[in-house]
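The values are calculated or read from the model by the stated rules, or taken from the named source; none is laboratory data. Remember, predicted model here, so these are calculated numbers, not experimental data. Neighbour counts are summed over all protein chains in view; Cβ atoms, including those assigned to glycine, are modelled from backbone coordinates with ideal geometry.
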Amino acid sequence: MSTKQNISLFNRKLAAQAVKDSFIKLNPALMIKNPVIFIVAIGSFLTTLVVIIGIFQGNFSSFNLNIAIWLWFTVLFANFSEAIAEGRGKAQADSLRKNRTQTMARKMAGKQEVLINATELKKGDVVVCEAGDVIPSDGEVIEGIASVDESAITGESAPVIRESGGDRSAVTGGTKVISDQIFIRITSEPGNTFIDRMIALVEGAKRQKTPNEIALSILISGLTIIFLLAVATLPAFFSYSLAASGLPESQNLTLPVLIALLVCLIPTTIGGLLSAIGISGMDRLLQRNVIATSGRAIEAAGDVDVLLLDKTGTITLGNRMATNFIPVEGVTVEELADAAQLSSLSDETPEGRSIVVLAKDQFNIRGREVHQLNATFIPFTAQSKMSGVDFKSEDGVVHQIRKGSSEAIRTFIHNNNGFYTQQTHNIVSELAKQGATPLVVAEDNRVLGVIHLKDIVKGGIKQRFAELRKMGIKTVMITGDNHLTAAAIAAEAGVDDFMAEATPEDKLRRIREEQANGHLVGMIGDGTNDAPALAQADIGIAMNTGTQAAREAGNMVDLDSNPTKLIEVVEVGKQLLMTRGALTTFSIANDVAKYFAIIPAIALSLYAGKSGIGPLSALNIMHLGSPQSAILSAVIFNAIIIVMLIPLALKGVKYKPVSANAALTRNLVIYGFGGIIAPFIGIKLIDILINM
Amino acid sequence: MTTQDFIQIILFFALLIGLTPLLGNFMFKVFTGSKHIMSPVFGWLEKLTYRSSGIDPDEETNWKSYTFSLLMFNFIGFLFVFLIQLFQAQLPLNPANLPNVSWHSAFNTSVSFMTNTNWQGYSGETTLSYFVQMIGLTVQNFVSAATGIAVLLALIRGLARKTTDKLGNFWTDLTRSTLYVLLPLSIIFAVVLVGQGVVQNFKSYDTVQTLQGASQVIPMGPAASQIAIKQLGTNGGGFFNANSAHPFENPTPFSNFLEMLAILLIPAALTFTYGKMVGSTRQGWTIFKAMLILLVLGLVISLYAEYSTNPIFGNLHLMEGKETRLGITNSVLWSTATTAASNGSVNAMHDSLSPLTGMVAMINLMLGEIIFGGVGAGLYGMVIFIIITVFIAGLMVGRTPEYLGKKIQKFEVQMAIIAVLAPNIVILLFAAWASVSAPGLASLNNSGPHGLSEILYAYASAAGNNGSAFAGLNANTVFYNLTIAIGMMIGRFGIIIPVMAIAGSMGMKKITPSSAGTFHTDNWLFIGLLIAVILIVGGLTHFPALSLGPIVEHLLMNNGITF
């Protein structure tokens, strides 16, 4: 599911488009948004000017030309990284949007139906959709019930029910009604549907930078200013040193050399890739079928340290299952199982079916047809709180078998003049203490025993929570169950905390409390009554099956409506931030080697005396061929490292659920030490190639 | 090096480490307003100060009014020192009948003492009267150090508190740090120094017959009281021109040892106070360790360079310009400590250090005076680097960066960048200007890379508010007096204002509780990271200039060429 929309990293069509876009992005109005790369572009322009002026003055320098070419490549590579990330994101989103563009909408004008273009729909319009119609825009069902094929956005082929009122009223543009008729009130302005917003988040030009991204660009711009100062003051120090060495001022540093030094020092790697990292983070969310409605949300996802998780669906399988039959004294377990199965034959609830299955598995009691037994099924009602069968035995006596809560069965027994034993009471309270739901089975005036109904904790979820704990994330289970039951399940699933008998107000209060204590809270929800909590949470993921209110309140929508998605979203957020940090560290660490390439090259003649080789050549620890090849190698390395890191920027650094310290150590070794060493090797290799 | 040298170095650091928690804990009590051993002694004076100046000591203010009070106070201090220099001939306590000071020198000196730099373009005994030295300079020695502490305290409160704009009361912080910390320590220290032979009198200068029969003027004055605070308050401005190389400032090996220890004492102890005030002494020790490692690193390189022998000096150690009474180890330990700690007092001439030792001193200045650094100033400067480190590396744990539970966002990064930029602008732009302009070059006594080092050192010293000089440079000219004064102001307030802004913004934030997912800033990994960021950012900024100064000089010296 999560990989279905994976687009290979360098799809040929995307790459061709991205190459084209890299040139379009040379537009200064667009470039200025990325100050670091903008400075490189200015440098490239000035160097090109120097080359052209040189040609006219008859002293063409191939060295300057080479510098100019590679500086332009640096700019283009940075643009390319953004373009390719954008292309991938758009391809992802376009596949979602495709269906909608040619859709016609049947708008209701009073009682009249008017056919208009889907894109002309406004918020508040009402449209009608019948079997076969594509729903024209996001909206809410206000009348009717229909089955809807949402495979266009979720990839899930089974149709889902959408009906007015209740928690299943939201519909998404682009999905298809396959039966019945519904009236839909449009809830989004044209161009502002979820998918439109998502597309805006992956389009570089329109994209709003996220808060951390802004802070990081300020940092790298600040570093750029520092290096600009260091480079701009160098000619003065050089001038002094030339005079002291008895050399003419004409040997001072040329503009192309200064620009080359500057470009090598400023953090072009992270500057060039920053935007691609952000876009591809969005893209990775989309691959997991989650639509974020703000860029801020994905960063907050990395910061979330408290997760509120609904018990049902996230921690436990949806339904309780019978796991054991506990007979009372004088009743065999087979008798109890037989009676329990009999009472459940017509019970279509998951609990009922699990009883039939358990009896069959444990005692090989086959299911029988109710009507063959002359039996009538007594369904569960809110008043009686029990269900069962009435059947005539061979002697013609009518027997009543009932199963239900202990309270209901006690009343039932008393009404039949029976006696509810202390033993039954003990079994019931013992099971309740374990967090299970006891279901008492009775026949006429006596209790046969108790069925042990249990919440089944999802496989692997405990492991998952342990990982989250290691990452410093606290999990809180939310359930409507009573305290005892909730405590037992919480212990079994390994959550850190739980809220029993939780109401939506409780949830909202809990989120506020956690936030007041400085925590960032993530939650996932679907109902209208979840909306305030979803809005309050730092990360509120609304399920796509949920109500429109919930979807508007949250800052992400999970198209798969899978409650465990919350955990994946947190991982995507963390991976995004890690990638940013890793590439920033790498970029800054790179500078060390570049100094050792360029400083000895430019200062070779200083204090040289007659030999022509000055003392600073001792800093040429890489033994680069010539001053010119040294400078050029550094510039080339600086350019191609951007291209080489594009896959990393797009895929993100390898992510493992480990503690902060372990993650830091790992990333530091790879990107910190790696960042110091890699350019020494890279520049040396390029230098060897140039001098061949 | 001899065994005694090693014993002395070990003893020095052992005492520094041992005194840090003692004094740090005392200062914690002072600054949080708890009872402490000095409250019975000076408590009445504190109360009297508040009552006479109409200050409510418990009334806290936001960062803007805190900063405004601080700037006003400093400005008035500057104006006072400036004016009394211009009119010292008309003022009392001037037994040597020294004339009024030139406007540019007076301007430079008053900025210098206000900013805790104590750059001295003048020569104390031939320029300033006892009145100016005592009422002007010594007072500034106290209050400029107290100003540094006040800024640090506001920053700490911003970090430790949550969702508040109240950062404390500048006047209370100023009064307490002066009355309870600087004053008692200085009194004790001054008495000890007098016991060692440092002069403290109001006598006129003596004229004596030397053994050769020449006559020599022996300057006098209230030296001990100023020396105590110039060492303790990381001021560094000597009573005499030769600073602590003068036998009346630093008469014995014991006074030398104590004066060296005094340089680092308060900045080191403040790291402990910091830890206590932010609620984790580990955080304080982490900073202490990072500073100590950088200091020792510099010391080892310096000692190596000084003890290396070179054929052009006849295979002898470089003794020229060293404090011959005390030897190389004591000269180098002092030069490292005084440049690391933004003190700037000297007991040997830095101009005569070997190129690498001189470079270490210069790097200590250029990194922004954060290796213990100035009183208060070193630590808040270090916090700026911590913010940058946390921002770069913190992302690698997969959370947006936070320090002590506070999120580091756009505003903090902006301010941190300004604080890093301010001193570097001074060093690079002014040094570049001086190295190509006639008035800049006219003051040089040495040629070649050594001359460039002198210029670089002067502006690095100004920007770092250190105040030591590479000598060899005649800085008492209009050009140098003015550019250095401007440099000192930018280096001081270009950091204080952004730091205060950070304090204000941090105070408004919530505190995210620490967990396994938190980027820890109190372990060895972080220490390593912090040091790496400091060296890479600082190093990358200044490597080009350094390579044309001390590095090339060192290489040339190995080839037998000196300047």
Just wondering, is there one or more residues in region A:450-462 that are free of Cβ contacts under 8 Å to residues at least 24 places away in the same chain and assigned to a helix (DSSP H, G or I)?
no
For the structure I just gave you, tell me whether B:ILE408 is within 14 Å of chain A (Cβ to nearest Cβ) and either hydroxyl-bearing (Ser, Thr, Tyr) or over 17 Å from the mean Cα position of the chain (by Cα) (or both).
yes
Looking only at region A:477-521, and only at residues there that are in contact with a strand residue (DSSP E or B) (Cβ under 8 Å, 6 or more places away or on another chain) and surrounded by fewer than 16 Cβ atoms within 10 Å (Cβ to Cβ), the one that is nearest to the other protein chains (Cβ to nearest Cβ):
A:ASP496
Counting only residues that are part of a loop (DSSP other than H, G, I, E, B) and either touching a strand residue (DSSP E or B) at 6+ places or on another chain (Cβ under 9 Å) or under 27 Å from B:PHE254 (Cα atoms) (or both), how many does region B:194-213 have?
8
Restrict the check to region B:106-128 and report whether at least one residue is free of Cβ contacts under 8 Å to residues at least 60 places away in the same chain and surrounded by fewer than 24 Cβ atoms within 10 Å (Cβ to Cβ).
yes
B:ILE534 fails exactly one of (1) in a helix (DSSP H, G or I); (2) at the interface with chain A (Cβ under 10 Å from one of its Cβ atoms), namely (2)
Spans of helices (runs of 4 or more DSSP H) in region A:196-310 with at least 3 residues of a type in the set (Phe, Trp, Tyr) and at the interface with another protein chain (Cβ under 10 Å from one of its Cβ atoms):
A:234-245
It is to be established whether one or more residues within region B:136-149 are over 21 Å from B:ILE263 (Cα atoms) and either more than 18 Å from the chain's Cα centre (by Cα) or outside the structural domain of B:PRO498 (by TED's automatic domain parsing) (or both).
yes
Within region A:567-608, residues being under 20 Å from B:PRO550 (Cβ atoms) and under 10 Å from the mean Cα position of the chain (by Cα) number 0
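For (1) in contact with a strand residue (DSSP E or B) (Cβ under 9 Å, 6 or more places away or on another chain); (2) among the small types (Gly, Ala, Ser); (3) more than 30 Å from A:ARG446 (Cβ to Cβ), each residue gets a yes or a no:
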site	(1), (2), (3)
A:ILE291	yes, no, yes
A:ARG296	no, no, yes
A:GLU299	no, no, yes
A:VAL304	yes, no, yes
A:LEU309	yes, no, yes
A:ALA322	yes, yes, no
A:ILE326	yes, no, no
A:GLU329	no, no, no
Which of the numbered conditions does A:LEU336 fail, given that it passes all the others? Conditions: (1) closer than 12 Å to A:LEU448 by Cβ; (2) not in a helix (DSSP H, G or I).
(2)
Checked pairs for region A:403-420, first closer than 15 Å to A:HIS452 by Cα, second among the basic types (Lys, Arg) and in a loop (DSSP other than H, G, I, E, B), C-beta under 6 Å and 6 or more apart or across chains, list as A:GLY404/A:LYS385; A:SER405/A:LYS385
Filter region B:184-233 down to the residues that are modelled with pLDDT of 90 or more and hydroxyl-bearing (Ser, Thr, Tyr) and list them by number.
B:SER186
Considering only residues that are assigned to a helix (DSSP H, G or I) and of a type in the set (S, T, N, Q), look in region B:272-298 and name the one that is surrounded by the most Cβ atoms within 10 Å (Cβ to Cβ).
B:THR273
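How about region A:544-567: which of its residues are assigned to a helix (DSSP H, G or I) and either farther than 13 Å from A:MET471 by Cβ or within 13 Å of chain B (Cβ to nearest Cβ) (or both)?
If we filter region A:544-567 for residues that are assigned to a helix (DSSP H, G or I), which is where we start, we get A:548-553, A:565-567.
Scanning region A:544-567 gives A:GLN548, A:ALA549, A:ALA550, A:ARG551, A:GLU552, A:ALA553, A:LYS565, A:LEU566.
Those residues that are touching a Pro at 6+ places or on another chain (Cβ under 6 Å) and either among the polar types (S, T, N, Q) or closer than 26 Å to A:GLY302 by Cα (or both), I need them from region A:441-469; list them, please.
In the first step, residues of region A:441-469 are kept if they are touching a Pro at 6+ places or on another chain (Cβ under 6 Å); the result is A:449-450, A:467.
If the condition is that a residue be touching a Pro at 6+ places or on another chain (Cβ under 6 Å) and either among the polar types (S, T, N, Q) or closer than 26 Å to A:GLY302 by Cα (or both), then A:GLU467 is the only one that fits.
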Just the residues that are of a type in the set (A, V, I, L, M), at the interface with chain B (Cβ under 7 Å from one of its Cβ atoms) and within 18 Å of A:PRO647 (Cα to Cα), please, taken from region A:573-617.
A:LEU577, A:MET578, A:ALA582
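So which residues in region A:599-654 are basic (Lys, Arg) and assigned to a loop (DSSP other than H, G, I, E, B)? Full working, then the answer.
Step one: filter region A:599-654 for residues basic (Lys, Arg), giving A:610, A:651, A:654.
Answer for region A:599-654, where residues must be basic (Lys, Arg) and assigned to a loop (DSSP other than H, G, I, E, B): A:LYS610, A:LYS654.
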Taking A:ALA68 as the residue in question, decide whether it is at pLDDT 85 or above, closer than 30 Å to A:LEU258 by Cβ and within 29 Å of the chain's Cα centre (by Cα).
no
So A:ILE473 passes all but one of these: (1) crowded, with 17+ Cβ neighbours inside 10 Å; (2) farther than 30 Å from A:HIS414 by Cβ; (3) at pLDDT 90 or above; (4) of a type outside the set (Lys, Arg). Which condition number does it fail?
(3)
When B:PHE479 is evaluated against the numbered criteria (1) within 13 Å of chain A (Cβ to nearest Cβ); (2) in contact with a Gly (Cβ under 8 Å, 6 or more places away or on another chain), which criterion, by number, is the only one it fails?
(1)
Just to check your reading of the model, which residue among A:THR564, A:THR545 is more than 12 Å from A:ASP526 (Cα to Cα) and more than 10 Å from the chain's Cα centre (by Cα)?
A:THR564
Suppose we filter A:GLU501, A:GLU513, A:GLU505 for residues that are more than 23 Å from the chain's Cα centre (by Cα) and in a loop (DSSP other than H, G, I, E, B); which single one remains?
A:GLU501
Helices (runs of 4 or more DSSP H) contained in region A:9-85 and holding at least 3 residues of a type in the set (Lys, Arg)
A:12-24
May I ask you to verify whether B:ILE551 is more than 9 Å from chain A (Cβ to nearest Cβ) and either touching a Cys at 6+ places or on another chain (Cβ under 6 Å) or not in a loop (DSSP other than H, G, I, E, B) (or both)?
no
Say whether the condition of being assigned by TED's automatic domain parsing to the domain that holds B:ALA434, within 22 Å of the chain's Cα centre (by Cα) and assigned to a helix (DSSP H, G or I) is met by at least one residue in region B:504-522.
no
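Taking the condition of being in contact with a Ser or Thr (Cβ under 7 Å, 6 or more places away or on another chain) and either of a type in the set (A, V, I, L, M, F, W, C) or surrounded by fewer than 23 Cβ atoms within 10 Å (Cβ to Cβ) (or both), how many residues in region B:492-508 meet it? Spell out how you get there, then give the answer.
Keep residues of region B:492-508 that are in contact with a Ser or Thr (Cβ under 7 Å, 6 or more places away or on another chain), which gives B:492, B:497, B:500, B:507-508.
Checking which are either of a type in the set (A, V, I, L, M, F, W, C) or surrounded by fewer than 23 Cβ atoms within 10 Å (Cβ to Cβ) (or both) leaves us with B:497, B:500, B:508.
Residues meeting the conditions: 3.
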When (1) in a helix (DSSP H, G or I); (2) within 21 Å of B:ILE328 (Cβ to Cβ) are applied to B:PRO251, the one that fails is (1)
